[in-house]
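> Take a look at the following structure, please.
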Amino acid sequence: MGVGIIVAILIIGGLYIGGVYNSFVRSNEAVDAQWAQIESQYQRRFDLIPNLVESVKGVMTQEQAVFGAIAEARTKYAGAATPDARAEAATGVESALARLLVVMENYPELRSTENVQTLMAELAGTENRISVERMRFNEMVRDYNVSVKTFPGSVLAGFFGFDSRAMFEAQEAAATAPKVDF
């Protein structure tokens, strides 16, 4: 009888540990999937940017520095290997886009063209989607990190090699509005 109780306790303990492990795997995969959603929206943004740039390039030939900054930021993003590096590179894209939008404000005839209006509306929609996906990503990372850092999950997480994940945070430079001088 005593052996049966010990076996039952071991089975229940094993099932509990297996359940906690599976929970870590599910949460970790959900975080990865949400990051993929963010990257999908980044790709949408990157697909829109060349069209917008080409639409305004003819009118804004003196703004080559802005176009160069956009191209450089896109290249950095493409070369980034980790989610943290991609988030930092995406901030560079946002900064370059913000400068482009500020410059465009000084060209009323450009803003009135249908093609630019359509692209700007799509870009604004994409930026909103990115914001929502980042928020969801941070919520999932928070939930995952809580499960990895709280007891008894913290003990099992360390044993199984699950570490906390970094949340998406805006870079310090993102808080400063771009300045454009003519």
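The values are calculated or read from the model by the stated rules, or taken from the named source; none is laboratory data. In this text the structure is predicted, and so the values were computed from the model without any measurement. Glycine also receives a Cβ, built like all others from the backbone with ideal geometry; neighbour counts cover every protein chain displayed.
> Out of (1) under 30 Å from GLU139 (Cβ atoms); (2) of a type outside the set (Ser, Thr, Tyr); (3) surrounded by 13 or more Cβ atoms within 10 Å (Cβ to Cβ), what's the single condition that is false for ASN22?
Failed condition: (3).
> What pairs come up if the first residue lies in the stretch 75-86 and is closer than 13 Å to ILE49 by Cβ, the second is basic (Lys, Arg) and crowded, with 16+ Cβ neighbours inside 10 Å, and their beta carbons are under 7 Å apart, counting only those six or more places apart or on different chains?
The qualifying pairs are TYR77/ARG86.
> Related question: Considering only the stretch 119-165, state which residues are buried (at least 18 other Cβ atoms within 10 Å of the Cβ), farther than 15 Å from GLY18 by Cα and β-branched (Val, Ile, Thr).
THR126, ILE130, VAL141
> Of the residues that make up the stretch 49-68, is at least one surrounded by 13 or more Cβ atoms within 10 Å (Cβ to Cβ), under 27 Å from the mean Cα position of the chain (by Cα), modelled with pLDDT of 80 or more and of a type in the set (Gly, Ala, Ser)?
no
> Something else now. Condition first: among the hydrophobic types (A, V, I, L, M, F, W, C) and crowded, with 18+ Cβ neighbours inside 10 Å. Now tell me which residues in the stretch 81-109 satisfy that.
Within the stretch 81-109, ALA87, ALA89, ALA90, VAL93, ALA96, LEU97, LEU100, VAL103, MET104 meet the criteria.
> Next question, about the same structure. Within the group ALA73, ALA78, which residue is of a type outside the set (S, T, N, Q), buried (at least 19 other Cβ atoms within 10 Å of the Cβ) and over 19 Å from PHE137 (Cβ atoms)?
After ruling out the rest, the residue left standing is ALA73.
> A further question follows. Every residue in the stretch 14-34 that is within 17 Å of SER154 (Cα to Cα) and touching a residue at least 60 places away in the same chain (Cβ under 8 Å), please.
Result: ILE17, VAL20, TYR21, SER23, PHE24, SER27, ASN28.
> State whether one or more residues within the stretch 75-82 are outside any helix (DSSP H, G or I) and of a type in the set (Ser, Thr, Tyr).
yes
> So, one more: Testing PHE182 on (1) outside any loop (DSSP other than H, G, I, E, B); (2) modelled with pLDDT under 80, one condition comes back false. Which one is that?
Only one criterion is unmet by PHE182, namely (1).
> Take the residues of the stretch 125-163 that are acidic (Asp, Glu) and part of a helix (DSSP H, G or I): which is nearest to PHE24 (Cα to Cα)?
ASP143
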